[in-house]
């Protein structure tokens, strides 16, 4: 009996070691996939804060929360199962779907550039696409919906990159890695976004507080005078708080610019890379050659210059592609939408 029990315990210990090794493998694969998707993650983090610009402070975190929940839903309920099904049943469909996602990024990024350069024309274009009268709630819903749609494209790229890092893994290993990466990146991105959008509120509180140390330690009782540490540190914390208040609008504008640039850069890069899968690698090879020439010209900055040239070329390509899509949408999609609306109105019964 005792020998049987020892054997059972030995088997359990062996299973535990296998399980631990599997978990370590999942963690390692997830970390590797997250590193490869870093460019898209930065894009996601840079794009999201602009969706809360212009809203009351009380609505910022709820909006970020809604987008985060939508992001998790995108990754875990839609993209993860779809990625697993495609990897098993139709791996050939992954490339065109990636290209479609890249084209959407180019379109949205180019549209933001168009709005910044020609605000009046952009407003006219928006009026042609949608004639709905906005309300505070509808504006918020539209912003959240737009953010979740953009996140869907970015999340699809993240999940596709993740899947590409474990092509020979088992079905369940792929599922676990996709889930770990999806949850981890969502927490990282939207946790960071929440900190960014609330930093100005923290700055206001710091700038107005005479007892920073007492508040931090929970000893800031009403009527209690500031401590020596409070008097010493309050000028520094007040200055830092004022710097946050003044700097956050600038940071948000910079993030908006970075986000827009990242959208056309990531989208253009995806299209260029995936075109090679269909034997159309001329543009990608030209970009690669130009990047290598720049790197060899200044060896001390070789890696940085190579990345900058590649990103700039992909961004220009994405901007041009997005402009073409905007033109096609204006010439084809808008008239079609108007025709469908007109048909719907003619079919409405008259009172």
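The values are calculated or read from the model by the stated rules, or taken from the named source; none is laboratory data. Keep in mind the model is a prediction, meaning the values are calculated, not measured. Neighbour counts run over all protein chains shown; Cβ positions are idealised from the backbone, glycine included.
List of remarks:
- Condition check for residue 215: surrounded by fewer than 15 Cβ atoms within 10 Å (Cβ to Cβ) and either closer than 22 Å to residue 57 by Cα or modelled with pLDDT under 80 (or both): no
- Among the residues of the range 227-284, those identified as outside any helix (DSSP H, G or I) and either buried (at least 18 other Cβ atoms within 10 Å of the Cβ) or modelled with pLDDT of 80 or more (or both) are 279, 280, 281.
- Single condition residue 331 does not satisfy, out of (1) under 21 Å from residue 101 (Cα atoms); (2) at pLDDT below 85: (1)
- Odd one out for residue 168 among (1) in a loop (DSSP other than H, G, I, E, B); (2) touching a helix residue (DSSP H, G or I) at 6+ places or on another chain (Cβ under 8 Å); (3) exposed (fewer than 14 other Cβ atoms within 10 Å of the Cβ): (2)
- Residue in the range 140-158 that is assigned to a helix (DSSP H, G or I), exposed (fewer than 15 other Cβ atoms within 10 Å of the Cβ) and at pLDDT below 75 present: no
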